[in-house]
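To keep things clear, I will list the structure first and then write my remarks on it.
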Amino acid sequence: MSANAATTKRSAKAAKGPFGQVGQIVGELDDRLGVAKGGRVFLDKIFPDHWSFMLGEISLYSFIVLMATGIFLSLYFVPSTQQVIYHGSYAPLNGQWVSEAFKSTVSISFDVRGGLLVRQMHHWAADIFTGSIIVHMARIFFTGAFRKPRELNWLIGTTMLILAILEGFIGYSLPDDLISGTGLRIGYSIAESIPFVGSYLVTFLWGGQFPGTGIIIPRFFIIHVLIIPLVILGLLSVHLGLLVRQKHTQFAGEGRTEHNVVGSPMFPTFMAKTTGFLFMVTAATALLGAFVQINPIWQFGSYDASKISYAVQPDWYMGWLDGALRIMPSWEFAGWGHTIPFEVLIPAVVFPGLIFTIAMLWPALERKVTGDDEIHNLLDRPRDRPKRTAAGAAFFALLFTLFAASSTDVLANFFHVSLNEVLWFFRIAVFVIPIIAGLVTYQLCREMQGVHGIGKRKRSVIVQFSAEGEYTTVPTPPRPDDVHSELHPEPVPVRIDIEPLNDDGAREPESSPTGVRQVSR
Amino acid sequence: MSDDDLQPSRTRVPMPVAALSDPHMGDAARHPERAEKIIAGIFVLAIVFIALFGAGYVQNWRPWILGGTLGIGLFLLGFGLTAWGKYLMPQGPFVEERHSLASTPEERDAMSAALVERSAVVVKRRKMLGGLFALGAGIFGIVAVFPLLRSLGPLPGDSLDVTDWRKGTVLVDSNGRPVRRDTLVVGGIMTVYPQSQVNALTGFITDQGQAVDQTVLIRVSDQPFTTVPGRENWTPDGYVAYSKVCTHLGCPVGLYEQELELLVCPCHQSMFNVRNGAVPQFGPAPRPLPQMYLGYNDQGYLIAMAPYDQPVGPGFYERTTT
């Protein structure tokens, strides 16, 4: 009996084939979907290694954190401006009339277990999301990764940045607190300033003149939790799909050409590293959420359109627009029975429209100017493209200047100068600083091109002072980056077989006689 | 059939787990067991912290403890996994050939030909059908916009031009109390609303009253004065009132610089002189704040003698210039 059972077991195992259960699952899937061939290619997909390639990963993973924390928050948040009396753990607000949106946000912060942590994680993740998209885009721009064939992905990325900013602004407005309400009021007025359609746009959206009929918060809620996330999710899938199809770019180097990709394989190496990175990004938002307070709305109070606080500033990614609004002269046009508020229209509608249009068209513009219609898979070093790098530097200088201009009042107070002087400083600086930044960057790039071995770290030396009064220098031992290690990439294997190392760290001879894949560690 | 025949033919390429020559990796590659032990230690610590987070959640510990344990636990988990990937998994470098995505010229031509020739059949020979279908789809596109957009809210009409202030409307404070001759001393300031906008349920001002009708009342002196010619009797007992909605972007003009007699908008620093009709003296605001014609009623309460003579707040296209 027992011998029979053992035989059955053995034959059953044999029937499963050399790869056991996994082999069987792959077989079943392949019968139906034909996944084996493409799946194998995907597992062997090579990802080049460079620190700057993880910037986009930060965006991706903070988006995952946003979705997870957002789902939690949406279970408790009440998107309504209905006035209710607050009763809860936060004593200073007890018995006060507040809106339901505000009340539920305070409740999430104080009465829902873990709620404050998740709320702060959500806000921090939103800031990291927008910030990392901007830095990721800067990397793409300065290294020329947007060039043919990747223009479409650049376009999708820019669209996602606009959506991220919008999503952030709308999410910021949802708690219906004093600060975000003021931001919403400004957003309303900006939309209202658009000729022909402005007043229709705002009365349609708000359900009437500001503050409307209480419909804006529910509408913003569904835009924030469903519509924009869905669009971002769709664009993100295309973004990553194109990345896989077109393969990753890489910096030039030993063995790296326009026609190959050098790096580590998708499975298991890249997968382990990137999954580890997902956990670390989540950890960063958790630690920020735990230790750095963000948007304490209970201190601001529920929104009252006739109240305001000092030093009113939007979230950082809107700062450049606020700065532009502050330094714009008051050029309202009035005539023929109409008003066109150029003092709002130009800085808050035309200017950002222009910025994003130029950003989206940049790959086409550059192709036109340079006449370069080739396919590029190797990245530029910024110094090798001084004009592009200078243009990018000037652009960021412009944004930073405008961002600084969004705190004119704070700066005037801090430096004890008149607001007028600060204002005029920024009105001039906004033109001068980008030009200087561009020129300096251009010259720096040209200089760097001429210097051999620039960017390499110098070996440090230890200066010794002997008892006889003699100075000697002793070089320190080489650190990892000091040694120029040549890449000798191995050709992509038909299959990647991972072999264990023996105790001395040496590789074991070729393959095992069975030819069965050995996977260790 | 021998075992060898069952094996697919393939070239085998030896794979390094971590390159010995790489100074970053050499140590771990030489002593994988040590690296494994360290990573195992990291994972054990991660498990401890994540379990602590769970315990903390059950015990309802403070948010910073929850976030701290979760953050440290997840960080260790991620760090360990990354280190595992970096030191104990095949590092390469491997090279993968990049093949052109482009098809052959023949394939391109075949696709273009199919598009051109087939649509020639459809469009040229059936012009009427194509035209009608396009017309139908186009009309549907336009018609579909109506329920999507038009039903969202009312047409603006004159809603952007008017406030709730009428001739005889009593000024009340944020608690609904009417304002009297002696409510403010000289130099005093308060925000007032029309009495009609007191919420019967809460006793406070409605959203509409707060957003649209908010008016700033200042007692500049104890004597009536004229802000602008033509507004001679608008400031009884030195009381002057302006719309509190900034003409720039609609923020409440909430700061009052008493010595300079300037109203300041904290959003973008527009400044309005209350003596001369709130003409903007500084900042991006394009127009003066609308002034309210003040007076008293029979009971001695301050009232509006007329509605605002122009729309309050920021500019918009339909705003008339007169």
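Read the figures in this text as sums done on the coordinates, not as results from a lab. Everything numeric in this text was worked out from a predicted model, so none of it was measured. Counting neighbours? That spans all protein chains shown, and the Cβs are built from the backbone with ideal geometry, glycine included.
Computed over the Cα atoms of the range B:110-152, what is the convex hull's projected area averaged over all directions, in nm²? For the Cα atoms of the range B:110-152, the hull's average projected area reads 3.9 nm². How far apart, in nm, are two points set 7 Å out from the Cα along the Cα-to-Cβ line at B:V186 and at A:Q21? Taking the two extended label points, one gets 9.1 nm. Computed from phi, the 3J(HN,Hα) profile of the range B:172-188 under the Karplus parametrisation 6.51, -1.76, 1.60 (θ = phi - 60°) reads 10, 8, 5, 9, x, 7, x, 9, 10, 3, 9, 5, 10, 8, 4, x, x Hz, with x in place of Gly and Pro. Shielding value for B:47-57 is 1, the average number of Cβ atoms from other chains within 10 Å of each residue's Cβ.
Taking only alpha carbon atoms, the range A:167-311 gives an Rg to Rh ratio of 1.15, where Rh is the Kirkwood radius. Taking the Cα centre of the range B:171-304 as origin and assigning +1 to Lys and Arg Cβ atoms and -1 to Asp and Glu Cβ atoms, the resulting dipole is close to 160 debye.
What separates the Cα centres of the range B:105-156 and the range B:214-286 is a distance of 57 Å.
Since only B:L160, A:F141, B:G67 are under comparison, the one whose Cα sits farthest along the positive direction of the charge dipole of the protein assembly as shown, derived from C-beta charges on Lys, Arg, Asp and Glu, is A:F141.
The modelled label-to-label distance between A:H338 and B:S196, using points 7 Å beyond Cα along the C-beta direction, is 3.1 nm. DSSP assigns beta bridges within chain A; of those with both partners inside it, close to 90 percent run antiparallel. Taking Cα atoms only, the orientation of helix A:178-192 departs from the longest principal axis of chain A by about 80 degrees.
Projecting the Cα atoms of A:T213, A:L278, A:T401 onto the charge dipole of chain A, computed from C-beta unit charges around the Cα centre, puts A:L278 farthest toward the positive end. Shielding by partners for peptide A:179-185, expressed as the average number of C-beta atoms from other protein chains within 10 Å of each residue's C-beta, is 3.
Between A:M67 and A:V135, take the C-beta separation as r, use R0 = 25 Å, and let me know the FRET efficiency to the nearest 0.05. Result of the calculation: an efficiency of 0.75.
Per-residue mean of foreign Cβ neighbours for A:323-336 is 4 (Cβ atoms of other chains, 10 Å radius). Over the range B:95-223, the fraction of Cα-Cα pairs per 5 Å bin, rounded to whole percents and listed from the shortest bin up, is 2, 8, 9, 9, 8, 7, 5, 5, 5, 5, 4, 4, 5, 6, 7, 5, 4, 2, 0. Using the Cα coordinates of the range B:171-304, the gyration tensor eigenvalues translate into equivalent-ellipsoid semi-axes of 22, 19, 12 Å, sorted from longest to shortest. Full extension of the chain between A:K148 and A:V369 yields a length gain of 78.2 nm, computed as 0.36 nm times the residue separation minus the alpha carbon distance.
About its Cα centre, the protein assembly as shown has a charge dipole of approximately 1380 debye under the convention of +1 per Lys or Arg Cβ and -1 per Asp or Glu Cβ, with nothing else charged.
Each label point was placed 7 Å from the Cα along the Cα-to-Cβ direction; for A:Q299 and A:T257 their separation is 6.0 nm. Along the axis of the charge dipole computed for the protein assembly as shown (Cβ charges of +1 for Lys and Arg, -1 for Asp and Glu, origin at the Cα centre), the listed residues B:I47, A:V422, A:G289 are led at the positive end by B:I47.
Residues whose amide H comes within less than 5 Å of that of B:L255, counting only those at least five positions distant or on another chain, are B:V264 (H built at 1.01 Å from N in the peptide plane). Rg ratio for the protein assembly as shown: its Cα radius of gyration over 2.2 N^0.38 Å, N being its residue count, equals 1.19.
Between the amide H of B:M292 and those of B:A241, B:Y242, B:S243, distances stay under 5 Å, these residues lying 5 or more places away or on another chain, with hydrogens modeled in the peptide plane. Over all alpha-carbon pairs in chain B, figure out the percentage whose distance exceeds 38 Å. Value for chain B (Cα pairs over 38 Å): 60 percent.
Screening chain B for whole DSSP H helices of 20 Å or more along their axis (Cα) with average Kyte-Doolittle hydropathy at least 0.5 returns B:32-59, B:63-87, B:127-149.
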